[in-house]
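The values are calculated or read from the model by the stated rules, or taken from the named source; none is laboratory data. Nothing here was measured: the structure is a model prediction, and the numbers come from that model. No Cβ is skipped: glycine too gets one built from the backbone with ideal geometry, and neighbour counts run over all protein chains shown. Heavy atoms of the whole protein, side chains included, go into the accessibility calculation; ligands, DNA and RNA do not. Shrake-Rupley method; radii C 1.70, N 1.55, O 1.52, S 1.80 Å.
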Amino acid sequence: MQNSNTYTFNDFQFDTQTGELTRAGADESVFLREKLRQLLRFFVENQKRVIPKEELLDALWEHGKFREKSLSQSILELRKALGDSSSAPQYIRTIPNQGYQWVCDNTAQIPPDTPLVCEPEKVKPNKSRVVIAVSVLFVLSLLVFVFAVQQTTPGTQITNDRMKVLILPFKNGTHTTSMNWVEYGLSDMMAGDFLSIEGVKTTPPTQVPYLFSDLDLDAVLATGDYSKLFLISDFDVIIAGEVELTPQHQVLNYQLVYQEGEIKKGRFERSDLAVVMPDLVSALYQQIHPKKQQVALPPYNYVPSAMHEYARGIQSLQNKGSVLAQHYFAASVQIDPTHLWSKAYLGVCQLYLGEWTTAKTTFKSILGVEDPSLLAFSHYWLAVLSFREGLLEDALVQLEQSISQLQHTSNTVLFDDINNLKLQIHNIQIASQSDDADAVTSLLLSDNTNTRHQKDPSHELIKLSADESLKVASLERITRQGYLPLLSSVLLQKGGDVQLNLNERDNYYARAIEILKQLNQPYELSIAWMLRAELHKTHDSERAHRYLAKAKILASELNAGLLQEQIRLWH
């Protein structure tokens, strides 16, 4: 690529326009979340001079109580991504009481029409291992993505300054288990309506367990100390809520927590909170942005009981997985066939349960609708199906169709996930043309599963703390809470941690396998067996082949082209 916005420094190459950072000899880009891209861009465009801390804060952060801590954390992350250190800086030097300075002497801007010199060299990885590595990373990202993509309700949209909203799962204060669906189901509906307001970047509640896996969120909510949440990302406002019951009404007691530390409290009392959610979101937006034009979101036209079943499905998908969730989504569609988001999520459940032909039929039946956000969602999951079948070109076609529909929506959540899948396909296509086993051994066995998909917080995979005791506490807490999809993701990541001994890693893989059996997710289960086989490959060949045989049966039953090819090439 030829680009006048490209800088080189040592063996790195950085495109300030796209935010892509590559390194010579690497197969793929170095991942940087959006704030790190902005920070690196500011440094390379202001080389050599000392940049005061306040200048960086004013340029890249909005005013807020926790922005200085966020800057320090971002500097730390950027140094780690570059292999830099504060004690012997090659790139970023801290100037005490002054600020920061970019100190790499050979930083240069590439003139237009000049071939780039830091293109990653094309290695020849072993096909089988790269497919396993790419597949497991893609699986882990999907475990998150299924809870990240929210629907948008067609209606009036206004342009406003970019506002970043985090919606926490609502607390069920009704003391009745029949209302457990409000935790993720009702709060998810709120997130979907916020996404329909142009310029509002919404992190949905279903992402919260992934974002804050190291925190005791219950303790945060109980104490009202939200400062740690703001350190994860520079949200403008966090919405927390608790649902209670009166003899005639459902009550939502809410808090609007601002980055500056201000907290506003309020209360909605309605006969059915789900039915009137567009009105509640319109009122909340007006309270958050009182000087902006009022937003009047259109009312839902669904049968109320269908909406309740949809909310229960979202709750179940978060906690117990697709086996239970599919029944709620199916019930919602049966009650109200026009509730197509329930049908779309039913298709997601079918995909996870290995019912690929049925899932494909479900998604294709939605393609005639006029809702671009729903169309984009359906095309994306059709791409996932094609990917799993090994039909990579078909997957790319579906991704392009998804992108074309997203142009007509204010939903920004799906773009990164589309690009992530395109990257997976690109890596596999490179691998299919090469046969050098050494080049990808580290890709499979490294701990990159912990970082490869750490994106902007609305899509970020679990980032376990460097404190081992906190890691253990987080894992125990997730186990107690019963978030099975999340728990399987964490365990697979732990199994890939090369800092652990073989027995520890095998135990994590074994636990993940048992949970995936419970979730009845054969594709993910096949990959887990392959990873466990790879772990024992050099130590216990007989055991490794026994595990591989289990993976082969599952992949064959699914007709999962990528996995079948990997197993065939495994040696």
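If R0 is 30 Å, the Cβ-Cβ spacing of His426 and Asn520 corresponds to a FRET efficiency of close to 0.45. Given the convex hull over the Cα atoms of segment 330-369, what projected area results after averaging over all orientations, in nm²? Taking a quarter of the hull surface, the average projection is 2.5 nm².
Modelled label positions at Leu76 and Asn301, each set 7 Å beyond Cα in the direction of Cβ, lie 5.2 nm from each other. Here the accessible area is traced with a 1.4 Å probe on the protein chains. For segment 173-291, carbon and sulfur cover 49 percent of it. Any idea how far the Cα center of segment 491-530 sits from the one of segment 19-56, in Å? Distance between centres, Cα-based: 35 Å. Extending 7 Å from the Cα toward the beta-carbon at both Asn559 and Glu55 defines two label points whose distance is 6.2 nm. Which FRET efficiency, nearest 0.05, do Gln17 and Ser87 yield, Cβ-Cβ r, R0 30 Å? My answer for the efficiency is 0.40. In this simple spin-label approximation, Gln287 and Glu476 carry label points 7 Å from Cα along the Cα→Cβ vector, and these lie 3.7 nm apart.
Checking the Cα-Cα distances for Lys35/Lys550; Lys264/Lys320; Lys292/Lys364; Lys69/Lys265 against a 32 Å cut-off, the pairs over it are Lys35/Lys550; Lys264/Lys320; Lys292/Lys364.
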